[in-house]
Amino acid sequence: MLPDGDDLPELLLDLAVPHEEINELVAGLRRVNDDPGALRLLRECVEELFRDPQETGRTPDLAELLDAAPAGLGGAFAVYVFLAAVPHTLARHRERGIPTETSRRTLADLGRHMAVHRRRYGTLGVHARRWLVRHFRGELYQLGRLQFERARLGQRSAPVLAAAGLDAVPGTPCLNLHIPDFHGPLTPAACDRSLALAREFFALHFPEERPVAALCHSWLLDPQLKQYLPADSNIVRFQERFRTAREDTEPSDTEPVQFVFGAPDLPVARLPRRTSVERAVGDHLRAGGHWYIGHGWFPFPFPFPFPLPLTTEPASGGA
């Protein structure tokens, strides 16, 4: 299931695993291969990961299995699970005719989440393990600056899109749009390129799904950011691509703190003010304000060129 020690470093580099983690992972490989219990658990994890492989919205939670890793392997065990899953993922990609470069860039998110884990906890491990299951199941793809996840409209989003004239009911295919960090600025040109890639990619590789819209659920869509950032900032211009799906009433203050400053529980009083985004997030919290997850959408296939702005009156009520 796992490559041998000589081949492992090349696979790890293909997955953007930080160089400083490679020796430890190669050294731990023998321990996994020599432990029948670890190999059995590894197989169980991979089988669970690919359960209902063609379905979206059924992302399995491997937490209970991963937490049962043998003592001494710790966070490294999740890495070995994803490594063992790679051949299965690539086989499914080949069935869909997905280019090798798209596969490589999508699965390289493993290395990014390992870097996040190391930065936050100082140890080898994988941050947001359940999130990465989407990548390895073939539900999510890195296309340029943005990530696109195959999904289905829920009970809250479908009526909003239907009211705007789309043929949308709960369960209708859609795309969830995600903005990974460590990928440079969120420039309009980079976003345009990603959207153009997505338009071609899903029509070619998943023609039967016919998604009707792209949705984004992120603190980056909180309209309060416009109070702090200039109108021509990348974040504001990104917001203007979306129509409002709904508004949250529960604060999510830890989301921007986590993504901007690296950890969700940093003391607000001591948050740095080095950039305009840092000043916006920190100053708003220090003034007693709160941040919220914004929920936006726009139609798919995307028009080209992509018009700015796309706005409607905010929807009210729950999702």
| Unmet criterion (only one of (1) surrounded by fewer than 17 Cβ atoms within 10 Å (Cβ to Cβ); (2) farther than 30 Å from Pro159 by Cα; (3) at pLDDT 95 or above) for Pro223 | (2)
| Glu255, sole failed condition from (1) without any contact (Cβ under 8 Å) to a residue 40 or more places away in the chain; (2) over 21 Å from the mean Cα position of the chain (by Cα); (3) under 20 Å from Phe182 (Cβ atoms) | (2)
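Which of the residues that make up the range 1-23 are farther than 19 Å from Pro87 by Cα and either among the aliphatic types (A, V, I, L, M) or exposed (fewer than 12 other Cβ atoms within 10 Å of the Cβ) (or both)? It would help to see each step written out before you state the result.
Start the filter on the range 1-23 by keeping residues that are farther than 19 Å from Pro87 by Cα, which leaves 18-23.
Across the range 1-23, the qualifying residues are His19, Glu20, Ile22, Asn23.
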| query | Pick from Ala108, Ala162, Ala115: which is not assigned by TED's automatic domain parsing to the domain that holds Ala78 and not basic (Lys, Arg)? | reply | Ala162
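Can you work out which of the residues in the range 31-60 that are of a type in the set (Lys, Arg) and either surrounded by fewer than 11 Cβ atoms within 10 Å (Cβ to Cβ) or closer than 23 Å to Gln142 by Cα (or both) is nearest to the chain's Cα centre (by Cα)?
Of the residues in the range 31-60, the ones of a type in the set (Lys, Arg) are 31, 40, 43, 51, 58.
Imposing the further condition that a residue be either surrounded by fewer than 11 Cβ atoms within 10 Å (Cβ to Cβ) or closer than 23 Å to Gln142 by Cα (or both) reduces the set to 40, 51, 58.
Details: Arg40: 29, Arg51: 20, Arg58: 16 Å.
Of everything passing the filter in the range 31-60, Arg58 is nearest to the chain's Cα centre (by Cα).
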| query | Failed condition for Leu166, given (1) touching a Lys or Arg at 6+ places or on another chain (Cβ under 7 Å); (2) of a type outside the set (Lys, Arg); (3) surrounded by 14 or more Cβ atoms within 10 Å (Cβ to Cβ); (4) part of a loop (DSSP other than H, G, I, E, B), with all others met? | reply | (1)
| note | Within the range 238-291, residues being surrounded by 18 or more Cβ atoms within 10 Å (Cβ to Cβ), in a loop (DSSP other than H, G, I, E, B) and touching a Ser or Thr at 6+ places or on another chain (Cβ under 9 Å) number 2
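The values are calculated or read from the model by the stated rules, or taken from the named source; none is laboratory data. This structure is a prediction, so every number in the text was calculated from the model and none was measured. Glycine also receives a Cβ, built like all others from the backbone with ideal geometry; neighbour counts cover every protein chain displayed.
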